[in-house]
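**Q** Take this structure, written in structure tokens, and hold onto it; I'll ask about it next.
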Amino acid sequence: MASPPLIELRGISKRFGGVRALDDVSMSLAPAEIHCLAGENGSGKSTLIKVISGVYQPDGGEILIDGEVVDKLDPAASIARGVQVIYQDLSLFPTLTVVENLFLNTYLRERRRGVDWGRGRKMAKEVLERLDVSLDLDASVETLSAAGRQIVAIARAVLADARLIIMDEPTTALTGREVARMFRIVRDLQAQGIAILFVSHKMREMLEISERLTVFRNGSKVAEGPIAEFDERKITRAMTGRDLNTGRFAAPEVSPGTTPRLELRGVGIGKDVRDISLQILPGEVVGLSGRIGAGRTALAKAIFGLGQEVTGDILVDGKPYRPASVTEAIDAGIAYVPEDRLSEGLFLSRSIQDNAISAALDGYAPRLWIDRKRARDETRAMFDDMQISAPGPEVPVSTLSGGNQQRVVIGRWLMTDARVLILNGPTVGVDVGSKEQIHSIIHGLTRDKGLAVIMISDDLPELAANCNRVLAMADGRLTGELTGDALTEDALETALSAETEGEPA
Amino acid sequence: MRLFHNADVLIALILVVAMVFIGLVNPAFWQMANLFSLLKANVVIGLMALGVLLVMISGGIDVSFPAFAVAGMYIVVRGMVEFEYDGVVIPFLFATVIGALLGLVNAGIIHKFNMIPLIVTLGTASVVRGLVLGGIGTSNVNINQMPDALIAFGRTDVLTLERANGTTFGLTAMILVYIAAALVIHLLLTRTMIGRSVYAYGADAEAAKRVGFNTGRTMIFVYCTAGALAGFAGLLHSSMIWLANPRDFVGLELDVIAAVVLGGASIFGGRGSVLGTVMGVFILVMIQNSLILMGIDTTWQRVVVGGMLIVAVAITALRDRRALV
Amino acid sequence: MSDTKTTASGSDVRGTLVRASGNTNVQLGVICILVLVAMTVMRPNMFLSSYNFESMAFFMPELGILAIAMMIAMLTGGIDLSIIGVANLAGITAGTVFGWVAGEAGAGSLGVAPVVLGVGIGLLVGVLAGLINGLLISGLRITPILATLGTGQVFIGLCLVLTGGPAIVGFPDPWTWLGNGKIAAIPVPLILFVIVCIGLSLLLSRTSFGLRLKLIGTNPKASLFAGIERGRMIVWSYMLTGGLAAMAGILLSARTNAAKSDYGASYLLQAVLIAVLGGTNPAGGRGNVLGVALAVISLTLLSSGFQMMRVSNHLIDFVWGAFLIVVIALNSLRRGRGK
């Protein structure tokens, strides 16, 4: 290619206090290239985005745009050079209309004082035509679907004369069909000369859409190259640094006659999930794989009493159970570790002990008064079980590392009479060492306490290595099951890609 | 925009139904004299409501404006008495500026310390009332001390009609001031970027910052305008009743907030219109003033206003319901 | 912060001191002593008189209980602007009932039994008012500010309807004893205040109820995933707030032997101020009774000192407002540094 790269980073480093967020990173993006940035949480992806968009100033190295060294890249300069970032939360204005969400950026950039609604509407229409999508211009954004909002965010970036659009985990809230539509839009943009930097940790999407791939781990670039050089296994290995052949979980012997811990018979949830039947025996770890939007989280939440319009029968230890509220779910012995640890799982400013007993308060305070001695003793015992390293139960959870925080979230359910443990993304954002410990803790729990575990994860090696069997889910149904020797990472890949082909593109 | 119009249509409908109902209970409602006095009662509350509308669109709440109104009014009137100044333009300018400066204090504290507007404005209200009463005086300036020009200004009528018995009654010219202010705020809100920044800030303050709005300037615009309107309305009030009472406007914040919520402004920010607010003010004032016409004891007035606020908020809360999960 | 126990070992004395100086309650204790010393130096004869302390002990409890009520509403991230309305409504309802019961004879002649009934009615009014607030907030999901602003007006309006405007005067003797009496030389309101403080302190720090409220205030979403029934807890918390406000209203009407719709209007701001000064986070999750008690003591001392120095009541309003703003600004700066 004769033209210089759109953006080139040379030896970029960034530290926060003692933490090295980026360590001597070099990479480049060609004009109109679809590039994927892969890495686990905390690998330095978001820091890199913020360096390119001018939010952070690097401590070392240089940034070149169009072959020229840019001295001080601040957000305004970055936007002026055509860099647009679409954050995961999209940063739209829910109560304002589509038109206004589209033109506000541009008018701001043009430093206008007045608002020309006619011109704004024309611009909005044109950009949506350019993207070949139709949206109700006068609808307020809050009434749109997740996909519609995503389109508004993309259109807004295009209107701002973007030459590079950075998309942070853009497919999180989309269904398979919507992802396909978004990919079409992305390819259109490419044809119009706009480069796209995808930030993702989802293998399949990277392989499908990107031309080149850069993988980050612990603040360093660990792999880079054309997508043809990669397959899922190679990407995973680069991302996790883990040897994939280790640590296959030895499934405990389960005698066939046992009553299942959890049994679902024809369970449906609204329109999202239909006709789910499954049995999980004591000591079993069952994986649930599938795309975002396939209904995995909806199913998990419904079992935990957070679903609406649940039909069919659920049995816990053979006893019928109606999940009407979280309280009832907990009483029935269901435990749920949510996807988003920080916003859904933890009371950050409270102590470890308060977090630990939060789901079992009735047990610790049968008559209003909290049995503080028992609470402290059992929190300490939980510390040992979960191998939490912290000065003591009084320390606020906010001071712990991600891995230790996740152990508190899981450990909290040791304080209840949990018999069924649902783990939604059990090791998301947890460093590799902690990850393996958490896995072995989970196995210990199934072995010693006869827990039944449902493990929801996008991390296929995690599922393959830790589950007795894995169920595949797509479009709200169970579509397959892999078990015993058939449960390999390759087989999982095949099962999932079969689903993808089955979906209309 | 369609949604706003829908909300406005609904409010207009409620307004018409209420008017018809009150008229049926007591036809005296439709007498011109009554309608004129209703419109007159709209002016001061309405001007303040325009300011509160801005604050509520930005997602905040303001309980300090009655104190600012008192400050604008009392400081200026006492100053005019002291310096024996008689005029209209400069006093109103002063009252407006005093309100705006006090609003600037609100904006500064709220923005700088990222603090809950309610608590900040509770504090500034107390500070300002304390300063006015403790520092300037506690006695009323009544009709025989009030500057003549102010009284003359306040009693200007734009239209005078004659009753059957030969006495005349008029429509206050202040209604024009109110309409002009409403028009200006409407244009600011719909046609300028600073106006749209208020909506954007109320819809999602973080996103507004990311998109590149200068949110500090937005806060200054919102609270200074609210303060300026309050200061202006305060002085206008005293020129219309020929009295400057430093203890005036106590508890007025509730009426005004109720009117703005009745007018369809969202309690979560990001939504609201001048037309809706003007109608909301009219509904509130009309119902308050019509209680006697409908034969209801005035002691029930606060119960009715409080009840109206609760109902209006409940309806908008149902509309804007934000699920936790 | 204040409810995190320091687990310092003997060698870590310096760390303990540093942490203690960052502890709101220690700061408040120091403020109390400073105010006390300053006032004593400036007006030694008046300030240190037993009369002065006694009068403080009579009127401080009303304000203290209102501030605790406000703190409880703030624990879940709410606020209760109706507490003054509730307080007056409780006093007025009780007064109206006394009027009915006594008839021609005048309420002053009533004995202990009707007064016990009156206290019960007053507290019931408060709890019911709180129930309405709680249902509006958790059931209809109205923001606490607007819900309680509206109900506050309704309660004050009901006061006006019941009294027709003027104050109700002439309460039974046992009732006024609640506000003016003494047991073993200790003012009754002070005794009640101490009981309330101890009771609520235990309730908030030692029971599942208190912990649940704080957890809800810390992270409403996580509390849902922990199976805490947020709606029901919020209703309970506002009922408690209402009950406490009613208790303050009973003490107010007992002390002044009168009840009126607009008594204690300036208490609202002061209650917010004291709650925030006492270490309560208005965004929810943090608050403790000891802090609020210390805050009310220091402000009462300050206020009494101002009065002795003949500072006008209006300037005291100014000082309260300014104090509130300074406190929240300092809290905000401290939070900023903590990050």
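The values are calculated or read from the model by the stated rules, or taken from the named source; none is laboratory data. All figures in this text were calculated on a predicted structure; none of them were measured in a lab. Heads up, the Cβs are rebuilt from the backbone with ideal geometry, glycines too, and the neighbour counts pull from every protein chain shown. When the accessible area is computed, the model is the full protein with side chains, heavy atoms only, and any ligands, DNA or RNA have been set aside. Shrake-Rupley method; radii C 1.70, N 1.55, O 1.52, S 1.80 Å.
**Q** For helix A:432-449, report the angle its Cα long axis makes with the longest principal axis of the Cα atoms of chain A; keep it between 0 and 90° and round to the nearest 10°.
**A** For helix A:432-449, the angle is close to 30 degrees.
**Q** Net charge near A:Gln406: determine it from the other residues with C-beta under 10 Å of the C-beta of A:Gln406, scoring Lys and Arg +1 and Asp and Glu -1. Could the numbers behind the result be given before it?
**A** Details: positive: A:Arg341, A:Arg407, A:Lys435; negative: none.
Local net charge: +3.
**Q** For chain B, modelled as a GNM with alpha-carbon contacts under 10 angstrom, which of B:Leu284, B:Leu161, B:Leu236 fluctuates the most?
**A** B:Leu161
**Q** Apply the Karplus curve 6.51 cos²θ - 1.76 cosθ + 1.60, θ = phi - 60°, to the phi angles in the stretch A:353-359 and return the couplings in whole Hz, x for Gly and Pro.
**A** 5, 4, 5, 5, 8, 4, 8
**Q** While we're on this one: What number, rounded to the nearest 500 deg cm²/dmol, is the helix-based mean residue ellipticity at 222 nm of chain A, given -39500 (n - 2.57) per DSSP H run of at least four residues and division by all its residues?
**A** Details: 17 runs with 174 residues, N = 505.
Using -39500 (n - 2.57) per qualifying helix, the result is -10000 deg cm²/dmol.
**Q** Can you give the local net charge around A:Arg119? Use residues other than it whose beta-carbon is closer than 12 angstrom to its beta-carbon, Lys and Arg +1, Asp and Glu -1.
**A** Details: positive: A:Arg112, A:Arg121, A:Lys122, A:Lys125; negative: A:Glu110, A:Asp116, A:Glu126.
Taking every Cβ under 12 Å from that of A:Arg119, the sum is +1.
**Q** Hey, got the average number of other protein chain Cβ atoms within 10 angstrom for residues in C:156-162? Working shown, then result.
**A** Working: counts 5, 9, 5, 3, 7, 6, 1.
The shielding value for this peptide is 5.
**Q** In the stretch C:300-326, which residues become less accessible by 10 Å² or more once every protein chain is in place, relative to the chain on its own, using a 1.4 Å probe?
**A** C:His314, C:Leu315, C:Asp317, C:Phe318, C:Gly321, C:Leu324, C:Ile325
**Q** For chain C, with a Gaussian network of springs between Cα atoms less than 10 Å apart, report the residue from C:Arg212, C:Arg255, C:Arg232 with the top mean-square fluctuation.
**A** C:Arg232
**Q** In degrees, nearest 10, range 0 to 90: what is the angle between the Cα axis of helix A:176-191 and the longest Cα principal axis of chain A?
**A** The two axes meet at around 20 degrees.
**Q** Continuing with this model, one more query. What is the magnitude of the charge dipole of the stretch C:24-338 about its Cα centre, with +1 placed on the Cβ of each Lys and Arg, -1 on the Cβ of each Asp and Glu, and no other charges, expressed in debye to the nearest 20? Provide the component values of the computation, followed by the final result.
**A** Values: 16 positive and 8 negative charges, 223 e Å.
With Lys and Arg at +1 and Asp and Glu at -1, about 1060 debye.
**Q** Could you tell me the distance between the Cα centroids of the stretch B:267-314 and the stretch B:77-102, to the nearest Å?
**A** Centre-to-centre (Cα) distance: 31 Å.
**Q** Still on this structure, please answer the following. If each DSSP helix of 4+ residues adds -39,500 (n - 2.57) and the sum is divided by the residues in chain C, what number results at 222 nm, nearest 500 deg cm²/dmol? Mind dumping the intermediate values first?
**A** On the way: 15 runs with 250 residues, N = 339.
So the calculated ellipticity at 222 nm is -24500 deg cm²/dmol.
**Q** Still on this model: Using the Cα atoms of the protein assembly as shown, I'd like the radius of gyration and the largest Cα-Cα distance, Dmax, both in angstrom.
**A** Looking at the protein assembly as shown, its Cα Rg and Dmax stand at 33.0, 106 Å.
**Q** Can you pull the percent of the protein assembly as shown's accessible area that's carbon plus sulfur, 1.4 Å probe, other chains left in place? If you can, show how the numbers build up before the last one.
**A** Numbers: 27270 of 46390 Å².
Carbon with sulfur: 59 percent of the solvent-accessible area.
**Q** With a 1.4 Å probe, how much accessible area is buried between chains C and A, both sides summed, in Å² to the nearest hundred? Let's see the in-between values first.
**A** Values: alone 16140 and 22600 Å², together 36370 Å².
The C and A chains share an interface burying roughly 2400 Å².
**Q** While we're here: How high is the FRET efficiency from B:Met294 to A:Asp24, r the C-beta distance, R0 60 Å, rounded to 0.05?
**A** Numbers: r = 80 Å, r/R0 = 1.33.
Between B:Met294 and A:Asp24 the formula returns 0.15.
**Q** Hey, if you put +1 on the Cβ of every Lys and Arg and -1 on every Asp and Glu Cβ in chain B, which of B:Ile75, B:Leu159, B:Leu53 ends up farthest toward the positive end of that dipole?
**A** B:Leu53
**Q** Can you work out the accessible area per residue across chain C, with the rest of the protein chains kept in place, probe 1.4 Å, in square angstrom?
**A** With the other protein chains kept in place, chain C gives 39 Å² per residue.
**Q** Taking amide H positions as placed in the peptide plane 1.01 Å from N, state which residues far from A:Val85 in sequence (5 or more) or on other chains have amide H under 5 Å from it.
**A** Sorted by chain and number, the residues that satisfy this are A:Ile166.
**Q** Using each residue's phi in the stretch A:44-58, evaluate 6.51 cos²θ - 1.76 cosθ + 1.60 at θ = phi - 60° and report the 3J(HN,Hα) Karplus result to the nearest Hz, with x for Gly and Pro.
**A** x, 4, 5, 4, 4, 4, 5, 5, 5, 8, x, 6, 10, 9, x
**Q** I would also like to ask the following. In the protein assembly as shown, if the dipole is taken from +1 on Lys/Arg beta carbons and -1 on Asp/Glu beta carbons about the Cα centre, which of C:Gly279, A:Val453, B:Trp242 is farthest to the positive end?
**A** The residue sitting farthest along the positive end of the dipole is B:Trp242.
**Q** Then there's this: Considering the dipole of the protein assembly as shown built from charges on the beta carbon (Lys and Arg +1, Asp and Glu -1) around the Cα centre, which of C:Ala38, C:Leu146, A:Val267 is farthest to its positive end?
**A** Of the candidates, C:Ala38 comes out farthest on the positive side.
**Q** Follow-up question, since we're still on this one. What is the local net charge at B:Asp62, summed over the other residues whose Cβ is closer than 15 Å to its Cβ (Lys, Arg +1; Asp, Glu -1)? Please report the intermediate quantities before stating the final value.
**A** On the way: positive: B:Arg129; negative: B:Glu253, B:Asp255.
Local charge sum for B:Asp62: -1.
**Q** Taking θ as phi - 60°, what are the ³J(HN,Hα) couplings along the stretch B:78-85 by the Karplus curve (6.51, -1.76, 1.60), each to the nearest whole Hz, with x for Gly and Pro?
**A** Whole-Hz 3J(HN,Hα) from phi for the stretch B:78-85: 4, x, 5, 5, 4, 8, 6, 8.
**Q** Now for a different question. Under the rule of at least 5 residues apart or a separate chain, name every residue whose amide H is placed under 5 Å from the amide H of A:Cys36.
**A** A:Phe198, A:Glu211, A:Arg212, A:Leu213, A:Thr214
**Q** In square angstrom and rounded to 100, what buried accessible area do you get between chains C and B, total over both, with the probe at 1.4 Å? Walk me through the numbers before you get to the answer.
**A** Working: alone 16140 and 15670 Å², together 28120 Å².
Between C and B, the summed buried area is about 3700 Å².
**Q** Between A:Leu6 and residues 5 or more places away or on another chain, which pairs have amide H atoms under 5 Å apart, with H built 1.01 Å from N, and which residues are they?
**A** So A:Leu6 has HN proximity to A:Leu29, A:Ala30.
**Q** Now a separate question. Would you work out the charge dipole size for the stretch A:1-110 about its Cα centre, treating the Cβ of every Lys and Arg as +1 and the Cβ of every Asp and Glu as -1, and quote it to the nearest 20 debye? Please report the intermediate quantities before stating the final value.
**A** Values: 9 positive and 14 negative charges, 45 e Å.
So the dipole magnitude of the stretch A:1-110 works out to roughly 220 debye.
**Q** Test of understanding: in a Gaussian network model of chain C with alpha carbons linked when under 10 Å, which of C:Ile325, C:Ile183, C:Ile195 would top the mean-square fluctuation ranking?
**A** In the Gaussian network model the winner is C:Ile183.
**Q** In percent, how large is the relative contact order of chain B, given Cα pairs closer than 8 Å and 6 or more residues apart?
**A** Details: 543 pairs, mean separation 107.2, N = 325.
Relative contact order of chain B: 33 percent.
**Q** Return the percentage of antiparallel bridges among DSSP beta bridges fully within the protein assembly as shown, rounded to the nearest 5 %. Write down the numbers at each step before the final one.
**A** Values: 54 of 89 bridges.
Taking every DSSP beta bridge within the protein assembly as shown, about 60 percent pair in antiparallel fashion.
**Q** Continuing with this model, one more query. Nearest 20 debye, what's the magnitude of the dipole of the protein assembly as shown about its Cα centre given +1 on Lys and Arg Cβ and -1 on Asp and Glu Cβ?
**A** On the way: 97 positive and 96 negative charges, 375 e Å.
With only Lys, Arg, Asp and Glu charged at Cβ, the dipole is about 1800 debye.
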